[in-house]
Amino acid sequence: MGGLHPAKEYISDALNAGKNVVTANKDLMATFGSELIALATKNKCDLMYDASVAGGIPILRTLSTSYASDKISEIRESSTVQRITFCRG
């Protein structure tokens, strides 16, 4: 989930419930990272952060080499998952 709200509230709720959280939300961590890390520490759970710039780029080499004989009919992306549909033909 991108953006600041309601992402901050969802993550805060999870940390307050003692749940470990992993996020790739750079904006959220830049704005509220210190607050969320303190909340995780207080509740003895983990707040893990990882993000990339142009996250879809690593798949391009794989598509061009490993699937060179397949016809790609569709690529869809959402904030949580990339879906690639292959047609064998």
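The values are calculated or read from the model by the stated rules, or taken from the named source; none is laboratory data. As the structure is a computational prediction, the values presented were derived from the model and not from experiment. With ideal geometry, Cβ positions are generated from the backbone for all residues, glycine too; neighbour counts draw on all protein chains shown. Side chains included, ligands, DNA and RNA excluded: accessible areas come from the protein's heavy atoms. Shrake-Rupley method; radii C 1.70, N 1.55, O 1.52, S 1.80 Å.
Overview of values
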| read-out | value |
| --- | --- |
| Cβ-Cβ under 8 Å pairs, at least 6 apart or on other chains, region 5-31 side farther than 18 Å from residue 50 by Cα, far side outside any strand (DSSP E or B) and of a type outside the set (S, T, N, Q) | 16/39; 18/44; 18/45 |
| Contacts under 6 angstrom Cβ, first residue in region 33-50 being farther than 16 Å from residue 9 by Cα and among the aliphatic types (A, V, I, L, M), partner open to solvent by less than 80 Å² (accessible area, probe 1.4 Å) and assigned to a strand (DSSP E or B), 6 or more apart | none |
| Strands (runs of 3 or more DSSP E) wholly inside the chain containing at least 2 residues that are modelled with pLDDT of 65 or more and touching a helix residue (DSSP H, G or I) at 6+ places or on another chain (Cβ under 8 Å) | 21-23, 47-49 |
